[in-house]
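The values are calculated or read from the model by the stated rules, or taken from the named source; none is laboratory data. Computed from a prediction, not measured in an experiment: that's the story for all the values here. Positions of Cβ are generated from backbone atoms using ideal geometry, with glycine treated the same way; all protein chains shown enter the neighbour counts. Heavy atoms of the whole protein, side chains included, go into the accessibility calculation; ligands, DNA and RNA do not. Shrake-Rupley method; radii C 1.70, N 1.55, O 1.52, S 1.80 Å.
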Amino acid sequence: GENVEQHPSTLSVQEGDSAVIKCTYSDSASNYFPWYKQELGKGPQLIIDIRSNVGEKKDQRIAVTLNKTAKHFSLHITETQPEDSAVYFCAASLLSGGYNKLIFGAGTRLAVHP
Amino acid sequence: ETGVTQSPTHLIKTRGQQVTLRCSSQSGHNTVSWYQQALGQGPQFIFQYYREEENGRGNFPPRFSGLQFPNYSSELNVNALELDDSALYLCASSWTGEEEKLFFGSGTQLSVL
């Protein structure tokens, strides 16, 4: 069935270090892969996304890579700052019955220590 | 540009009661999706509304129902509340052409006692 696995569940880094979060999806028909950042008491905020016709996308300190063959995609955050601390979710879009829905991973709690 | 707004922010109900949650979509967005987020988990798709009709549904029982209004705002109704319904309910809007690109509200935290 449709599934997105996300690793690690928790990640602790020092300020300035890089952080990498990895996801694997099960449905080869998925063609859109967003990443969301969720801070305490708030809804998920879209931070970057990638479509299946692109292998990599970068936006300032954030980058996402996609390997369609292996059904893997990853989020890379460079030069981490304390304000990057949050829960990050990956997701894969699944087209079913004429509508799109997002299948989310279980989340990664990132802590950036000053 | 106004983002997605949800009300109320918090709600406490007892088992067996009914609840209605409300959502105003982001300006220019005509599709609304609802997700349930249990503590420590990722959001799970409940259903999606487009042109005032449900056009997709996840693995949720019929006591979860919704509405979309001509101004694209939406309601989520849950009947016969169960303890397991305690969760953060998230509304997300998107627009035709990029339906999968969702913008979420801050959610309604529902506690069922």
FRET efficiency for B:Leu113 and A:Ala111 from the Cβ-Cβ distance with R0 = 41 Å, rounded to 0.05, comes out at 0.80
Report the accessible surface area buried between chains A and B, summing both sides, using a 1.4 Å probe on protein heavy atoms only, in Å² rounded to the nearest 100. 1600 Å²
Suppose all protein chains stay in the model; what accessible area per residue would a 1.4 Å probe give for chain A, in Å²? 50 Å²
For the protein assembly as shown, rounded, prolate or oblate, judged on the Cα gyration tensor with a ≥ b ≥ c (square roots of eigenvalues), a/c < 1.5 rounded, else prolate if a/b > b/c? prolate
Any GluC sites (Glu not before Pro) in the range A:52-114 that lie in a DSSP loop and have at most 13 other Cβ atoms within 10 Å would be A:Glu79
Using alpha carbon centers only, the range A:64-109 is separated from the range B:28-60 by a whole-angstrom value of 18 Å
Residues of the range B:87-112 losing 50 Å² or more of accessible surface, assembly versus chain alone, probe 1.4 Å, please list them. B:Glu100, B:Lys101, B:Phe104
Are there residues in the range B:34-72 whose accessible area shrinks by at least 30 Å² when all protein chains are included rather than the chain by itself, and which are they (probe 1.4 Å, ligands and nucleic acids not counted)? B:Tyr35, B:Gln37, B:Gly42, B:Pro43, B:Phe45, B:Gln48, B:Asn55
Given H placed 1.01 Å from N in the peptide plane, which residues other than close sequence neighbours of A:Asn31 have an amide H under 5 Å from its amide H? A:Ser93
Quickly work out the A:Leu95-to-A:Glu79 label distance, labels modelled 7 Å from Cα along the C-beta direction, and quote it in nm with one decimal. 3.8 nm
Are there GluC sites (Glu not before Pro) in the range B:76-113 that DSSP puts in a loop and that have at most 16 other Cβ atoms within 10 Å, and which ones? B:Glu82
Global form of the range A:31-114, assessed from the alpha-carbon gyration tensor, a/c cut-off 1.5: oblate
Can you give me the % of accessible surface on the range A:1-95 that is carbon or sulfur? Probe 1.4 Å, all protein chains present, nothing else counted. 46 percent
Cα-based shape type of chain B, given that a ≥ b ≥ c are square roots of the gyration tensor eigenvalues and the cut on a/c is 1.5: prolate
